[in-house]
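Worksheet for the structure shown next.
Every number here is computed from the coordinates shown, using simple stated rules; none is lab data. Source: prediction; values computed, not measured. Note: ideal-geometry Cβ built from the backbone for every residue, glycine included; neighbour counts use all protein chains shown.
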Amino acid sequence: MPNVGVPTSELARSTERGCNVITMTSTTRIVRIGNSRGIRVPKALLEQAQLRAEVELRAEPGRLVVRASRPTRGGWSDAARTMHEHGDDRLLDTVATTRFDDEVWEWR
C-alpha cells in the first residue's frame, strides 16, 4: 500500500517569484461520502495554496483542478473603467423614444 495521506516535501524553484519555495505533495484515497466521493486535504497543503472555505473545481483529463473561488463579478469595476477610458462604454443602439416619453413623462 502506498503512503496514503503521508505528505512528502520537495524543494522547487518558483519561476514566477524567482525564489526557492517548499512545496508539499500528498497521496490520498478517494472515499465515499454518501452518494458522493471526497478526499481529505492536509491542512499544510490548504495553507500553502492559500485556499479558504469556498473553492472552484474543474475537471480535466486525469485531474481535478481546485482553485480559490473568485468573487462574483470580480474585476468588473476595473473592466468598466478601462472601457470608459477607451470610449467603449457608449450605447450601441440609437435612442428610441416612445409616445409616453414625448407626451407623458416629465423630469422633475
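So which helices (runs of 4 or more DSSP H) stay within region 16-108 end to end and still have 2 or more residues that are of a type in the set (A, V, I, L, M)?
Of the helices (runs of 4 or more DSSP H) lying wholly inside region 16-108, those with at least 2 residues that are of a type in the set (A, V, I, L, M) span 43-49, 76-85.
Kindly check whether there is at least one residue in region 81-89 that is within 31 Å of the chain's Cα centre (by Cα) and closer than 22 Å to THR25 by Cα.
no
If I ask for residues that are without any contact (Cβ under 8 Å) to a residue 12 or more places away in the chain and small (Gly, Ala, Ser), which ones from region 56-86 would you list?
The answer is ALA59, GLY62, GLY74, GLY75, SER77, ALA79, ALA80.
Here are some conditions: (1) more than 30 Å from ILE39 (Cβ to Cβ); (2) loosely packed, with under 10 Cβ neighbours inside 10 Å. ARG63 meets all but one. Which one does it not meet?
Going through (1) more than 30 Å from ILE39 (Cβ to Cβ); (2) loosely packed, with under 10 Cβ neighbours inside 10 Å one by one, ARG63 breaks only (1).
Scanning region 66-96 for residues that are over 21 Å from GLY38 (Cβ atoms) and among the β-branched types (Val, Ile, Thr), which turns out surrounded by the most Cβ atoms within 10 Å (Cβ to Cβ)?
THR82
Which of the residues spanning region 42-55 are surrounded by 10 or more Cβ atoms within 10 Å (Cβ to Cβ) and either more than 17 Å from MET24 (Cβ to Cβ) or without any contact (Cβ under 8 Å) to a residue 24 or more places away in the chain (or both)?
Within region 42-55, LEU46, GLU47, ALA49, LEU51, VAL55 meet the criteria.
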